[in-house]
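Please treat every number below as a calculation from the coordinates, not as lab data. Quantities reported herein were computed from a predicted structural model and do not represent experimental measurements. Counting neighbours? That spans all protein chains shown, and the Cβs are built from the backbone with ideal geometry, glycine included.
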Amino acid sequence: MTRHADWYFDVVSPYAYLQFTTFDRLPNDLQIRIKPVLFAGLLSAWDNMGPAEIPAKRSQTYRYCHWQAGKRGIPFKTPPRHPFNPLAVLRLAVALEGDAASVGAIFHHIWGTGNDGQGPESLGALAASLGVDDWQARINDPAIKQQLRANTDEAVAAGVFGVPTFAIDGEIFWGDDVTEMLLDYLDNPEPFRHGEWGRLGDLPVAAQRRQSRL
């Protein structure tokens, strides 16, 4: 019996690239719907900050991802500027209907070989390699723009607060580092539905810090 999962990602995230390279570890009966979303839209919806918005965390993120990719034997090169505006390349992914091979090529272009994620020359070369003619007209199609917004709204409604995130059976699994947890869930979901897992979902808050974005 085929199972379904939604995978929400933004190409601005190196963690999304890292997790994408693990898809071959997922069960063969799992059908993945690849859905580009705007990470900045998720951050705004949850009043959160991205790792690249915290200077010390930004540097740590780049170093960790570079190290992790090396450990896994994955080609990795941080693009020349980051964070970049991912809107154009996300819309390109939408125009290509979230095709896995195309998304893989996009990730490789930006994170595998370190090309610019928003410059017209870089994106033009990427689009040409994907066989997309008149790519700027394609990504400015109102229907493409609306689909990206709809994907992002759908993710927020599902409780997605970051990328990459798998959503399956009403559960969400956020981050490359929870891939092993996802694999355990897919192998046997029952322990995730009872006992301590249920209590953790309703754990009360004892203290809250004063909200300040400085």
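Suppose the Debye formula is applied to equal point scatterers at every Cα of the chain; what is log10 I(q)/I(0) at q = 0.19 Å⁻¹?
Results for the chain at q = 0.19 Å⁻¹ read -1.55.
Fewest Cβ neighbours within 10 Å first, please rank Phe39, Phe161 accordingly.
Ranked by crowding around the Cβ, least crowded first: Phe161, Phe39.
Compute the distance in nm between two label points, each set 7 Å from the Cα along the Cα-to-Cβ direction, one at Thr78 and one at Ser59.
Label at Thr78, label at Ser59, 1.0 nm between them.
In a shell of Cβ-Cβ distance under 11 Å around Val103, excluding Val103 itself, what net charge do Lys and Arg (+1) and Asp and Glu (-1) give?
Summing Lys and Arg as +1 and Asp and Glu as -1 gives -1.
Using a simple charge model, +1 on the beta-carbon of Lys and Arg, -1 on the beta-carbon of Asp and Glu, nothing else, what dipole does the stretch 39-112 show about its Cα centre, in debye to the nearest 20?
420
With +1 on each Lys and Arg Cβ and -1 on each Asp and Glu Cβ, how big is the dipole of the stretch 3-201 about its Cα centre, in debye rounded to the nearest 20? Walk me through the numbers before you get to the answer.
On the way: 17 positive and 24 negative charges, 120 e Å.
About 580 debye.
Which residue, chosen from Ile106, His66, Leu90, occupies the Cα position most advanced towards the positive end of the dipole of the stretch 3-201, where the dipole is computed from +1 (Lys, Arg) and -1 (Asp, Glu) charges on Cβ about the Cα centre?
Selected residue: His66.
Just for the chain, what percent of DSSP beta bridges are antiparallel, to the closest 5?
Percentage antiparallel, nearest 5: 50.
Checking the a/c ratio against 1.5 first, then a/b against b/c, what shape does the Cα gyration tensor give for the stretch 93-214?
Note, shape of the stretch 93-214 comes out prolate.
Just grab the label-to-label distance for Ala101 and Asp177, each label 7 Å out from Cα along the Cβ direction, in nm (one decimal).
Output for this residue pair reads 3.5 nm.
So what is the calculated 222 nm ellipticity per residue for the chain, using -39500 (n - 2.57) for each DSSP H run with n of 4 or more, over all residues, to the nearest 500 deg cm²/dmol?
Mean residue ellipticity at 222 nm (helix-derived): -13000 deg cm²/dmol.
Any idea how far apart Ala158 and His4 come out in nm if each label point goes 7 Å out from Cα toward Cβ?
Those two pseudo-labels are separated by 1.0 nm.
If you count, for each residue, the other Cβ atoms within 10 Å and average over each peptide, how do 10-18, 179-187 line up from highest to lowest?
Ranking the peptides 10-18, 179-187 by packing returns 10-18, 179-187.
For the stretch 1-122, what does the alpha-carbon gyration tensor say about shape, rounded, prolate or oblate, given a ≥ b ≥ c as the root eigenvalues, a/c under 1.5 as rounded, and a/b over b/c as prolate?
Rounded shape, in that the Cα axes give a/c under 1.5.
Using the Cβ atoms and a cut-off under 12 Å, what net charge is assigned to the surroundings of Ala16, where Lys and Arg are +1 and Asp and Glu are -1?
That sum, taken over residues with Cβ under 12 Å, equals -1.
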